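The values are calculated or read from the model by the stated rules, or taken from the named source; none is laboratory data. Given the structure is predicted, the values throughout are model-derived calculations rather than measurements. Cβ placement follows ideal geometry from the backbone for every residue including glycine, while neighbour counts extend to all protein chains displayed. Surface accessibility is based on the protein's heavy atoms, side chains included, excluding ligands, DNA and RNA. Shrake-Rupley method; radii C 1.70, N 1.55, O 1.52, S 1.80 Å.
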Amino acid sequence: MGYNKYNGRKMALGGIMAAVSIVLMLLSAVVPTMSYGLPALCGVLTTLVVIECGDRTALLMYGAVSILSLLLLPAKESAVVYLLVFGWYPVAKRRIESINKPVLEWGLKLAAVAIPVAVGSAVAIAMFGLEALFGEDIAGWMIPLLYIAAAAVFVVYDIALTRLISAYLNAIRPKILPRWFR
């Protein structure tokens, strides 16, 4: 596929959204209480790129924001949250929801959050030696508890994201998006 104005516009939109995402991620260093909220907001921006530009551009944005966040943020928690969950999920959400079987979709969505949470928890426990601090059985009870909390938050996030997508497609997009970008 050759270069044309449409491809350039898609890449420009992806670049702008990536830049806004980096600024939001940097804000998480200023407002540490937003170390989960701002990566989730960046996931919403990634969703806009998925809608307007497609999966490839969204994945390029995800890669750029992930790498730059890991390099630039002084506290890496927000970068890891974006890298493991919120950055790639909008692309996966689109693919999963194309199945059109709600029970299977929710199972896949919950598995999509369970795997990164379990891996991230196991790595954090191993890296920071939390067994010594909390006791030997921390991996036995803390990871399932963390998954239950993450799954509950994730379900709320997914429902809110679906509603935002609907509002964007039905009310916002027709009013603000120029014809040349459709």
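Mind counting the residues in segment 67-80 that are assigned to a helix (DSSP H, G or I) and open to solvent by less than 20 Å² (accessible area, probe 1.4 Å)? Break it down into steps so the answer makes sense when it comes.
Applying the first criterion (assigned to a helix (DSSP H, G or I)) to segment 67-80 yields 67-72, 77-80.
From what's left, open to solvent by less than 20 Å² (accessible area, probe 1.4 Å): 69, 78-79.
Selection size over segment 67-80: 3.
Would you confirm, using the coordinates I've provided, whether residue 52 is assigned to a helix (DSSP H, G or I), among the acidic types (Asp, Glu) and touching a residue at least 24 places away in the same chain (Cβ under 8 Å)? Steps first, please.
On the way: assigned to a helix (DSSP H, G or I): yes; among the acidic types (Asp, Glu): yes; touching a residue at least 24 places away in the same chain (Cβ under 8 Å): yes.
Yes, satisfied.
If you go through segment 38-54 one residue at a time, do you hit one that is surrounded by 15 or more Cβ atoms within 10 Å (Cβ to Cβ) and over 22 Å from residue 165 (Cβ atoms)?
Looking for residues that are surrounded by 15 or more Cβ atoms within 10 Å (Cβ to Cβ) and over 22 Å from residue 165 (Cβ atoms), one finds none in segment 38-54, hence no.
Only one residue in 64, 92 is at pLDDT 95 or above, surrounded by 13 or more Cβ atoms within 10 Å (Cβ to Cβ) and part of a helix (DSSP H, G or I), so which one is that?
Numbers: 92 fails: at pLDDT 95 or above.
None of the other options fit; the residue is 64.
Hey, does segment 134-156 have a residue that's at pLDDT 90 or above, within 20 Å of residue 41 (Cα to Cα) and either of a type in the set (Gly, Ala, Ser) or exposed (fewer than 12 other Cβ atoms within 10 Å of the Cβ) (or both)?
Yes, because at least one residue in segment 134-156 is at pLDDT 90 or above, within 20 Å of residue 41 (Cα to Cα) and either of a type in the set (Gly, Ala, Ser) or exposed (fewer than 12 other Cβ atoms within 10 Å of the Cβ) (or both).
Taking residue 114, is it surrounded by fewer than 19 Cβ atoms within 10 Å (Cβ to Cβ), in a helix (DSSP H, G or I), small (Gly, Ala, Ser) and in contact with a helix residue (DSSP H, G or I) (Cβ under 7 Å, 6 or more places away or on another chain)?
Details: surrounded by fewer than 19 Cβ atoms within 10 Å (Cβ to Cβ): yes; in a helix (DSSP H, G or I): yes; small (Gly, Ala, Ser): yes; in contact with a helix residue (DSSP H, G or I) (Cβ under 7 Å, 6 or more places away or on another chain): yes.
The answer is yes for residue 114.
Limited to segment 12-33, what total is found for residues that are within 18 Å of residue 66 (Cβ to Cβ) and open to solvent by 60 Å² or more (accessible area, probe 1.4 Å)? Explain how you work it out, then say what you get.
Going through segment 12-33, the residues within 18 Å of residue 66 (Cβ to Cβ) turn out to be 14-29.
Okay, now just the ones that are also open to solvent by 60 Å² or more (accessible area, probe 1.4 Å), so 16, 20, 23, 26-27.
Residues meeting the conditions: 5.
Looking only at segment 21-43, which residues are within 15 Å of residue 86 (Cα to Cα) and among the aliphatic types (A, V, I, L, M)? Lay out the reasoning, then the answer.
In the first step, residues of segment 21-43 are kept if they are within 15 Å of residue 86 (Cα to Cα); the result is 21-22, 24-25, 28, 34-43.
Matches in segment 21-43: 22, 24, 25, 34, 38, 40, 41.
What about residue 87, is it more than 11 Å from the chain's Cα centre (by Cα) and at pLDDT below 95?
no
Quick one: in segment 100-111, which of the residues that are surrounded by fewer than 15 Cβ atoms within 10 Å (Cβ to Cβ) and among the aliphatic types (A, V, I, L, M) is modelled with the lowest pLDDT? Step through it out loud before you land on a result.
So the first thing to find is which residues in segment 100-111 are surrounded by fewer than 15 Cβ atoms within 10 Å (Cβ to Cβ), and the list is 100-104, 106-107, 111.
Subsequent filtering for residues that are among the aliphatic types (A, V, I, L, M) retains 103-104, 111.
Numbers: 103: 94, 104: 95, 111: 90.
Among those that are surrounded by fewer than 15 Cβ atoms within 10 Å (Cβ to Cβ) and among the aliphatic types (A, V, I, L, M), it is 111.
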